[in-house]
Amino acid sequence: MIRRALGGIISPTTEELKAIGKQYHFEISDEELDYFSAVIEGFMPAYRKIEALPDPKPPVKYPRTPGYQPTADENPLNAWYWRTSIKGEPTGKLAGKTVAVKDTIALAGVPMMIGSAVMEGFMPDYDATVVTRILDAGGEIVGKATCEDFCCSGSSQTSVPGPVRNPHNPAYSAGGSSSGSGAVVVAGDCDMALGGDQGGSIRIPAAQVGAVGLKPTWSLVPFTGIASVDATIDHVGPMTRTVEDTALLLEAIAGYDPDDARQSPGIKGEEYTKACTGEAQGLRIGILEEGFGWGDDSKDTDAAVREAAHAFERAGATVGQASVPMHRDGVDLWTALLIDGFFVQLILLNGANYGGRGFYDTRAIDYMGRSRKTMADNFPAGVKLLTLHGHYMLEHYNGRYYAKSQNQRKLLTQSYDEAFKDFDILALPTLAPWGMAHELSGDPTPSLEQLIENSFSYHVNTCPTDLTGNPGISIPCAKINGLPVGMMLLGRRWEDGTVIRAAHAFQELGLYHNSP
């Protein structure tokens, strides 16, 4: 059969179809192959017509210049990937506020590499929904914050631009994967930032650098135009120096977006700033026992967080002991779901969220597909590890454990719901089993063991609520040896305002000051 191109789309040869059939263990005769080939040839004009159709895209409402990559002198923490000055409306609730966005968030005309050489050179031609909402509210986007290579690290040393350094001590990690987002706000380079969280990637860096970092209720904030890991655990949310600014930014970005398949039409935000009352009268705070005692590396931070949780009594709350029996199972469920989901979403589907309605970035899908085939060896160790493991699990176990983890997340959610019958807020350390930032290696090329250990050593308390969708905020509550300690406050789904209220009440006690 002659190989033919239809509008740039190449029809498969019978030899290619035969090889595909073997992969799927089909026994196909030559006669069947010829017939299938002819039928497929009849389908191909549909693809040619689709190729000729324009892609509808989210709008680009505000003018901008491309910006620039900052020099080392301008970027001592390596927390900025790109600097911009994109101004929105002259008035609004974010008027006068400067905002950074994680380098997973599309900003039209500005490079987006997701921390990876594989995506270097890609430039979106539309704005993510959260970007448009920030600009509509009067904010100014002042840059893209560095993130970890394909967001595959809770440390801050895998990004292609190099390690992001902790504002409190540049020899230490700034966490990940939203490493730059936390560092730029604590360093005072901007007022607010957006991070992404699929396993703790807002709360982990917030805890390490002493920022306030909120993972909202799943789907409260639209994810349109943001690089996805798995649609069922994708979250985007604020990272700031104060709880008030976190509440303000959430007000600006929350609510329904018809282009996001994760959302339903009834979703809407609230005036979260009204929750910043400074008091906790009537709140019931439960110290989550399963969140403590992960090992010797967290003993000091455990003690600091327990003391901080009891301080809520000074703000009018009652404090007791809470239990979520499945909390520690959460990390196992998340591990199985992430490995399969990451492999399918990133490697097999080139970032496309198959099965969901809404906007698809076809240019990014094409770019990822081409680059992955020519530059795959540039992936960091963590991505290679998840690719090898994910391929093996899918090939040998058929997606069974992804499916079982999705089924079990219902029981995990119910386990938290039981605790929330007695408590309004659950308090626990943000980071475990390591309770604080680790020292960055002085070696520009850390060992494989260091990279993997550092990348997957902070998430055991954060990842369960990426499965359940409960809101969680990390707030700085103490310092040990000059480095921040984060306390995480969890709330009921859709009660983000209650979480903000509790965090603000703690902040107003004045027990911690997050200046480096």
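The values are calculated or read from the model by the stated rules, or taken from the named source; none is laboratory data. None of these values were measured; they are calculated from a predicted model. Quick reminder, even Gly has a Cβ in these numbers, built from the backbone with ideal geometry, and neighbours come from all protein chains shown. Remember, those area values only see protein heavy atoms, side chains included, never the ligands or the DNA or RNA. Shrake-Rupley method; radii C 1.70, N 1.55, O 1.52, S 1.80 Å.
Restricting the first member to the stretch 473-484 and to residues that are touching a residue at least 40 places away in the same chain (Cβ under 8 Å), and the second to residues that are surrounded by fewer than 24 Cβ atoms within 10 Å (Cβ to Cβ) and among the small types (Gly, Ala, Ser), the beta-carbon pairs closer than 7 Å and six or more apart or on different chains are Cys477/Ala304; Cys477/Ala308; Ala478/Ala304; Ala478/Ala308; Ile480/Ala304. Only one of the numbered conditions (1) touching a residue at least 12 places away in the same chain (Cβ under 8 Å); (2) of a type in the set (Val, Ile, Thr); (3) over 21 Å from Ile105 (Cβ atoms) is not met by Ile50, and that is (1).
Residues considered: Ala427, Ala437. Of these, the only one that is part of a loop (DSSP other than H, G, I, E, B) and touching a strand residue (DSSP E or B) at 6+ places or on another chain (Cβ under 8 Å) is Ala437.
Of all the criteria given as (1) surrounded by 17 or more Cβ atoms within 10 Å (Cβ to Cβ); (2) in contact (Cβ under 8 Å) with a residue 24 or more places away in the chain; (3) not aliphatic (A, V, I, L, M), the one not satisfied by Asn75 is (2). Restricting the first member to the stretch 19-42 and to residues that are open to solvent by 80 Å² or more (accessible area, probe 1.4 Å), and the second to residues that are polar (S, T, N, Q), the beta-carbon pairs closer than 7 Å and six or more apart or on different chains are Asp34/Thr14.
Of the residues Lys93, Lys102, the single one that is open to solvent by 50 Å² or more (accessible area, probe 1.4 Å) and either under 30 Å from Ala174 (Cβ atoms) or among the small types (Gly, Ala, Ser) (or both) is Lys93.
State all residues of the stretch 105-121 that are open to solvent by less than 40 Å² (accessible area, probe 1.4 Å) and assigned to a loop (DSSP other than H, G, I, E, B); if no residue qualifies, say none. It would help to see each step written out before you state the result.
The initial filter retains those residues of the stretch 105-121 that are open to solvent by less than 40 Å² (accessible area, probe 1.4 Å), namely 105-119.
Ala106, Leu107, Ala108, Gly109, Val110, Pro111, Met112, Met113, Ile114, Gly115, Ser116 - these are the residues of the stretch 105-121 that are open to solvent by less than 40 Å² (accessible area, probe 1.4 Å) and assigned to a loop (DSSP other than H, G, I, E, B).
Specify which of the listed residues (Lys49, Lys97) is out of contact with any Pro (no Cβ under 7 Å at 6 or more places or on another chain) and modelled with pLDDT of 95 or more. Spell out the reasoning first.
Values: Lys49 fails: modelled with pLDDT of 95 or more.
Exactly one residue qualifies, and that residue is Lys97.
Only a single item in (1) in a loop (DSSP other than H, G, I, E, B); (2) free of Cβ contacts under 8 Å to residues at least 60 places away in the same chain; (3) open to solvent by less than 10 Å² (accessible area, probe 1.4 Å); (4) small (Gly, Ala, Ser) is not met by Gly269, and it is number (3). Residue check: is Pro476 at pLDDT 95 or above and open to solvent by less than 10 Å² (accessible area, probe 1.4 Å)? Judged against the criteria, Pro476 is not a match.
Strands (runs of 3 or more DSSP E) wholly in the stretch 179-255 with at least 3 residues that are over 20 Å from Ala137 (Cβ atoms) and more than 16 Å from the chain's Cα centre (by Cα) - which ones?
Details: elements: 192-197, 212-215, 235-240.
Strands (runs of 3 or more DSSP E) meeting the threshold: none at all.
Taken together, the residues in the stretch 231-257 that are open to solvent by less than 10 Å² (accessible area, probe 1.4 Å) and closer than 26 Å to Gly330 by Cβ amount to 10.
Looking at Thr71, Thr84, Thr65, Thr91, can you tell me which residue is polar (S, T, N, Q) and either under 23 Å from the mean Cα position of the chain (by Cα) or not in a loop (DSSP other than H, G, I, E, B) (or both)?
Values: Thr71 fails: either under 23 Å from the mean Cα position of the chain (by Cα) or not in a loop (DSSP other than H, G, I, E, B) (or both); Thr65 fails: either under 23 Å from the mean Cα position of the chain (by Cα) or not in a loop (DSSP other than H, G, I, E, B) (or both); Thr91 fails: either under 23 Å from the mean Cα position of the chain (by Cα) or not in a loop (DSSP other than H, G, I, E, B) (or both).
Being polar (S, T, N, Q) and either under 23 Å from the mean Cα position of the chain (by Cα) or not in a loop (DSSP other than H, G, I, E, B) (or both) holds for just one of Thr71, Thr84, Thr65, Thr91, which is Thr84.
Return yes when Arg83 is open to solvent by 30 Å² or more (accessible area, probe 1.4 Å), among the basic types (Lys, Arg) and either in contact with a Cys (Cβ under 7 Å, 6 or more places away or on another chain) or under 23 Å from Thr146 (Cα atoms) (or both) and no when it is not. Yes.
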